[in-house]
């Protein structure tokens, strides 16, 4: 992870300059900091820009090793000519071209860009075409048309250093519509950390568009290299290789069009897919007796290893495959990534839920079978070796687990797409308590301190915090006892605490945490969350140090 470390208050004022000095002194020993930023957007304009020389002087005095930047709307003014790198916030290609023409030797980076609003697993609604539109409707999962246009403004040039996308996660604040939405919606991940389809677009265009160490004039999947120096130069210095990996992702579900008011009564669906392959082929009900090829979509030709995007041209599919009027039929759709010659590189399938959410919910009132095959599954996103977050929670009174609750259909695998079941969590045993719950829905007004949460497209997040200090030293335990005034300190052998106080702390409890989740009409399920007192292996700093100075494997 790399950081643009940004100051807040900016002007030619002594107090503000001292704030910048304090920021540099505090953070200059962090290797993740790559750039110092003086200001953000309107906070860089007007009288504010006269702070540039003073800020530049103090920053370079305290840290001459890193460049400076401002996240600006303007260029070629006092501030622009003071900082080392011209930063731009949400500016189109034309603005970058004008700047480069006037300041040909000035490094340029799109330091904030590409707020293409989207909501997780929303097949229908409003598609986002431009930067951060203010709309009250549900925003479609598909936003590739917007992303390729905005990201290309800086990634598609030889003179610009690249793009910082705003933002990775949704967050509270800056909603697209006041009063209806509680959070922003332009993250690649929702409020719970569940990925949206946008995350797969960036994965295909940024992570996977990278040359392998043995790359030559053509890639392992049959793409020819381009002679364009502006194309080939963008991959120089990339710190990792894709090793020829090809992936494909289908954006929409394969549920009946009757589920949405916008498409009720239709017999067809519109489908999109992302891939780093040159060709995506879409099949309906692949493998069945009535399997049929539907169509083939060729993505815009790309040279080997090129990660830059080309502008959207009407009628071309650009960085994604797009199919209109796909005849809907209960079963599945399969997207196959291929070489130009038609050889298969990768495939993915979306299946129709065997039980729709409405049928499942209605069936809950049945005395014979409340679930209709629907079930509740718990899994750990953190700690997990799959996410690089260790194998157990460290018992320091602070560490938390990120639990994923999934409503699945009768296959026991596929997430029930429209599931809105209410899920309640409780600790059965062990040193833990439910710190919060959420579902990632930007229009949800449910409390995050509640132990119950309604599923959004079949998913709910629970955050479980440890209540044991067993992993701490004696000195640390004494300190914790003094500062934890809101919690009761309780050793395992003490029985005088209120049983309903799930925040009581223990010095000795080193057991694993057992979590139970229930939902009306579904069988309860449990999950064991491992804990540890081994500071050298499972503390936050220990986990971070285990990955230090090692190559990052994104695949």
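Considering only the stretch 143-182, state which residues are part of a strand (DSSP E or B) and touching a residue at least 24 places away in the same chain (Cβ under 8 Å). Outline the logic, then answer.
Narrowing the stretch 143-182 to residues part of a strand (DSSP E or B): 160-165, 169, 172.
Within the stretch 143-182, 160, 161, 162, 163, 164, 165, 169 meet the criteria.
Condition first: more than 30 Å from residue 181 (Cα to Cα) and surrounded by 15 or more Cβ atoms within 10 Å (Cβ to Cβ). Can you find one or more residues in the stretch 110-118 that meet it?
Let us first name the residues in the stretch 110-118 that are more than 30 Å from residue 181 (Cα to Cα), namely none.
The answer is no, given that none of the residues of the stretch 110-118 is more than 30 Å from residue 181 (Cα to Cα) and surrounded by 15 or more Cβ atoms within 10 Å (Cβ to Cβ).
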> With 16, 75 as the choices, which residue is farther than 17 Å from residue 165 by Cα, surrounded by 18 or more Cβ atoms within 10 Å (Cβ to Cβ) and in contact with a helix residue (DSSP H, G or I) (Cβ under 6 Å, 6 or more places away or on another chain)?
Replying inline: 75
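Please work out if residue 159 is at negative phi, at pLDDT below 95 and surrounded by fewer than 23 Cβ atoms within 10 Å (Cβ to Cβ).
Values: at negative phi: yes; at pLDDT below 95: yes; surrounded by fewer than 23 Cβ atoms within 10 Å (Cβ to Cβ): yes.
Criteria met by residue 159.
Given the condition closer than 17 Å to residue 52 by Cα and crowded, with 23+ Cβ neighbours inside 10 Å, answer yes or no: does some residue in the stretch 87-105 qualify? Can you show your working first?
If we filter the stretch 87-105 for residues that are closer than 17 Å to residue 52 by Cα, which is where we start, we get 87-88.
With crowded, with 23+ Cβ neighbours inside 10 Å added as a condition, the list becomes 87-88.
Within the stretch 87-105, one or more residues are closer than 17 Å to residue 52 by Cα and crowded, with 23+ Cβ neighbours inside 10 Å.
Can you find, within the stretch 385-411, the residue that is surrounded by the most Cβ atoms within 10 Å (Cβ to Cβ) among those that are free of Cβ contacts under 8 Å to residues at least 24 places away in the same chain and more than 14 Å from residue 532 (Cβ to Cβ)? First the steps, then the outcome.
Taking the stretch 385-411 first, the residues free of Cβ contacts under 8 Å to residues at least 24 places away in the same chain are 385-387.
Pick out the ones that are also more than 14 Å from residue 532 (Cβ to Cβ) and you get 386-387.
Details: 386: 9, 387: 12.
So, considering only residues that are free of Cβ contacts under 8 Å to residues at least 24 places away in the same chain and more than 14 Å from residue 532 (Cβ to Cβ), the one surrounded by the most Cβ atoms within 10 Å (Cβ to Cβ) is 387.
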> Exactly one of (1) surrounded by 22 or more Cβ atoms within 10 Å (Cβ to Cβ); (2) over 23 Å from residue 122 (Cβ atoms); (3) modelled with pLDDT of 95 or more is unmet by residue 438. Its number?
Replying inline: (2)
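The values are calculated or read from the model by the stated rules, or taken from the named source; none is laboratory data. Model, not experiment: these values are computed from the prediction. Positions of Cβ are generated from backbone atoms using ideal geometry, with glycine treated the same way; all protein chains shown enter the neighbour counts.
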